[in-house]
Structures are given as C-alpha cells and as structure tokens.
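Q: So that we are looking at the same thing, I have put the structure below in structure tokens.
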Amino acid sequence: MKSLNFGLVGYKFMGKAHSNALQRLGMFFDPEVKIEMRALCGRDAAWVGEAAEKFGWQSVETSWEKLVQRRDIDVIDITTPSNFHKEIAIGAAQAGKHIFCEKPLALNLKDAREMLDAARKNGVKHQIGFNCRFAPAVLLAKKLIDDGKIGEIFHFRGQYLQDWIIDPDFPLVWRLDKSIAGSGSLGDLGAHLIDLARFLVGDFDQVIGMNKTFIRERPMVEKMAGLSGKAQENAARGKVTVDDATLFLAEFKNGALGSFEATRFAQGHKNGMSFEINGSKGSIRFELERMNELQYYNASDEEGIQGFRLIQATEGVHPYMYAWWPVGHVIGYEHTFVHELYEFTEAIARDTAPSPDFTDGVKCSQVLEAVDTSIEQKQWIDVNSL
C-alpha cells in the first residue's frame, strides 16, 4: 500500500483534533493509502516537541518553510491562526504538496483567491476544514433535501452561540485580534453557518448585517494556551479589534431567505450551533451539541399525527456509521475530523476532486466580506459584486 506522508502546522486545539483524526483513520476505515504522520511544526521547539511525542508524530520542525520543502512530505495540513494560512498554503502549493487548510481560508477574500489560484496553478489537491458538513445527521439532511423530501426551500435559520469571552477580564487572546484572526464571531463561528447554508440550500445572492463589540479593551496576554490565555495581574489592557457578535440577513440565488446569528456573548451556550430549514413539504432541524440527531417534519403526514420526528443518525445506512459502533452508540465532535480527512486522503489516492475545497473557502470568504461591507455601508450588498 502506498504511503501518504503528512506534515502538520500547528499543535493546539485544531492540531490536536487533526492529529487524533489521522491516528484513527486506519483503525476504523480502510483507506487506499497508509497515513504516515511524518512531522509536526510549530514555532516553540519545546512545546511542539512535547506535542509531537504525545500526538504520535515522527519528527519536529520549527520552520514551515523547511517543512514544505521536505521530500518525505506529501501533504501540508494547516491548523494555524488565519494570518499564516496564505503564506503556508502558497508555499506548499509551489513545493507541489497537497493542502488541507482549516477555516476560514484566509484573512480576507483577496488572500483566499490567491490561495486558490496557487493550488490550481500547481496542480495540487486542496480541501478546507468545514468539519460540520461531515456529521452523519448533516449529510442525512443533505440527502433529504436533494431527494425533494422538504420540497422548495423557503428559509434557512442559523445560530452559532457561545459564551466563553463574556468575562471582561478574559485576556486579549489572538482570536480577538483582527490582524491575526481576520474576524471575530463572524469568521470564527459564522463561517460554519455560511458553509452549511451553501452546502444545503445554495449560493448567496445578497446580504445585510450588523455587529457589535461589547467589550472593547481586555488585559494583555502573558502566555497563550490554545483558545485561552493567561494575563498578568494588573496587566495593561489592549484594544479588541473584532466583533463579539454579528447578525445578518441573506437572500439566496434560489429565492430562499436566511437569518444568521454568531455570537460569543450568549450566556449558557458553550458550542450552540444549530440550523433549521423550512420547505414546502417539510422542515429539518439540527443542533451540533446533539450531533447524532436530526429532527424532520413531513407535511404529508396525516392529520392528528403530524410533528417533528427525531431520527438517530447512528445506523449503518447513515454516512460513515458503518465504520464506527453498533446502532445507538453515538459518535462525537472529533469524528467529524476523521470523516473529512478520510475523504481528503481518498481523493488524493483516487485522483478525484476533494470537497469542500478552496473554491468553497473563497465563496465563504466572499459572503464574510459582503457582510462586513454591508455593515460599513449600512445597506444590502450583492455578494457576487465582490
């Protein structure tokens, strides 16, 4: 069996998720290639060395430039903050490496398009990490829609609610710095909703939005630790340069309407991503924190027994479930990363097009930028004008 050699850049939250997924691939699935975890890359030699040993990587690099030039590396997997995505992806493409990159694809639409152009020009495979697509219940929703079970779509209603930065003394971590993250709740959380809406309903036509930064200054970070950080006592305070919450309305090209809310100020919500889609023949609901379940309403049910039914998407007929556990034995968040990386490695092995790819990343960035532009100009923005 041919080997596919990975080099991973980043070893915190997403780096751990990707490392776990690569470890599990050959255990539960039967990929056409053997996954080799060749090298883990990070700037702090001590931390990346510790992570490499813990996660099962064979070697360590502290320079992504060296990593992409290594002859024993076939794939560059990017899980860094967004401000590094562009240069690493373009460097990897120019070195002839296939690329997997976490979302959002880049800091802005211009950079995202340059990444796509580089991947196309150099003929490498490319995929973006929209892992929510790969929950079996979401793929069941996609099948119900494609099979016409809910008919003509009228509404997409999406929310992504968290509460982890409500404390005004929570430190100024990188996700609150526009120069590093590119965006706040909109790009971090809203990007998932935008991609799911495109995947399930179709492309966007126009948008209008509003946002708010509730806490404009926070204590400076002494040391980063994944999503969190530690601030010194009586630390100086720095400016928050991203949105804490963004809401926007949308019209899709097929005429459906959408409402989107992304906030990190929703007390009591830890990772509350959910959506509902309403159509002429029925509706579907999904909640990420109950990711094995899909709620489905069939308007053709006879009077007196109509209502949302709860489907447990854990049977072998549901996507990917054949590889995991018996019926009713649920899977979790980490399994979505196994599924997306499985599809990526199979696309490389079979020389097919990965999905979602950088084109989807660009289209998501296009909507993100349109929302930002609409907030600045206080008007509807044609997504395709950007």
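The values are calculated or read from the model by the stated rules, or taken from the named source; none is laboratory data. Note that the structure is a prediction, hence the values are computed from the model and not measured. Here the Cβ is made from the backbone with ideal geometry for all residues, glycine too, and neighbour counts use every protein chain on show. Just so you know, the surface numbers come from the protein's heavy atoms only, side chains and all, with ligands and any DNA or RNA stripped out. Shrake-Rupley method; radii C 1.70, N 1.55, O 1.52, S 1.80 Å.
Q: Assess whether Ala17 counts as being touching a Gly at 6+ places or on another chain (Cβ under 8 Å) and in a helix (DSSP H, G or I). Spell out how you get there, then give the answer.
A: Numbers: touching a Gly at 6+ places or on another chain (Cβ under 8 Å): no; in a helix (DSSP H, G or I): yes.
Judged against the criteria, Ala17 is not a match.
Q: Name the pairs: first residue in segment 93-111 and of a type in the set (Asp, Glu), second residue open to solvent by 10 Å² or more (accessible area, probe 1.4 Å) and part of a helix (DSSP H, G or I), Cβ to Cβ under 8 Å, at least 6 apart or on different chains?
A: Pairs that qualify, where the first residue is of a type in the set (Asp, Glu) and the partner is open to solvent by 10 Å² or more (accessible area, probe 1.4 Å) and part of a helix (DSSP H, G or I), are Glu102/Met14; Asp111/Lys86.
Q: Sticking with this structure for a sec: If you check Ala231 against the conditions, is it of a type in the set (A, V, I, L, M), modelled with pLDDT under 95 and over 24 Å from the mean Cα position of the chain (by Cα)?
A: So Ala231 passes the test.
Q: OK, next. Report the residue count in segment 75-129 for those that are of a type in the set (Asp, Glu) and more than 16 Å from Gly7 (Cα to Cα).
A: Qualifying residue count for the region: 3.
Q: If we keep just the residues of segment 135-180 that are among the aromatic types (Phe, Trp, Tyr) and under 25 Å from Val207 (Cβ atoms), which is most open to solvent (accessible area, probe 1.4 Å)?
A: Phe154
Q: Would you pick out the residues in segment 302-315 that are of a type outside the set (Asp, Glu), exposed (fewer than 12 other Cβ atoms within 10 Å of the Cβ) and either without any contact (Cβ under 8 Å) to a residue 12 or more places away in the chain or part of a loop (DSSP other than H, G, I, E, B) (or both)?
A: Correct list: Gly304, Ile305, Gly307.
Q: Open to solvent by 70 Å² or more (accessible area, probe 1.4 Å), assigned to a helix (DSSP H, G or I) and free of Cβ contacts under 8 Å to residues at least 40 places away in the same chain - does that describe any residue in segment 284-301?
A: As a first pass, look at segment 284-301 and keep what is open to solvent by 70 Å² or more (accessible area, probe 1.4 Å): 285, 287, 289-290, 300.
Among the residues that remain, those that are also assigned to a helix (DSSP H, G or I) are: 289-290.
Applying the additional criterion that residues be free of Cβ contacts under 8 Å to residues at least 40 places away in the same chain yields 289-290.
Yes, there is a match, as at least one residue in segment 284-301 is open to solvent by 70 Å² or more (accessible area, probe 1.4 Å), assigned to a helix (DSSP H, G or I) and free of Cβ contacts under 8 Å to residues at least 40 places away in the same chain.
Q: I need the full set of residues from segment 110-163 which are within 19 Å of the chain's Cα centre (by Cα) and over 26 Å from Leu189 (Cβ atoms), in order please.
A: Lys125 - this is the single residue of segment 110-163 that is within 19 Å of the chain's Cα centre (by Cα) and over 26 Å from Leu189 (Cβ atoms).
Q: Say we look at segment 21-45 and pick out the residues that are open to solvent by less than 50 Å² (accessible area, probe 1.4 Å) and part of a helix (DSSP H, G or I); which of these is farthest from Met1 (Cα to Cα)?
A: Let us first name the residues in segment 21-45 that are open to solvent by less than 50 Å² (accessible area, probe 1.4 Å), namely 21-22, 25, 28-29, 31, 33, 35-37, 39-42.
With part of a helix (DSSP H, G or I) added as a condition, the list becomes 21-22, 25, 28.
Numbers: Ala21: 20, Leu22: 17, Leu25: 15, Phe28: 17 Å.
Here the answer is Ala21.
Q: Looking only at residues that are under 22 Å from Glu102 (Cα atoms) and among the charged types (D, E, K, R) in segment 46-78, which one is most open to solvent (accessible area, probe 1.4 Å)?
A: Only one residue fits best here, namely Lys54.
Q: So, one more: Given the conditions (1) in a loop (DSSP other than H, G, I, E, B); (2) open to solvent by 70 Å² or more (accessible area, probe 1.4 Å), which single one is not true for His318?
A: So His318 meets the others, but not (2).
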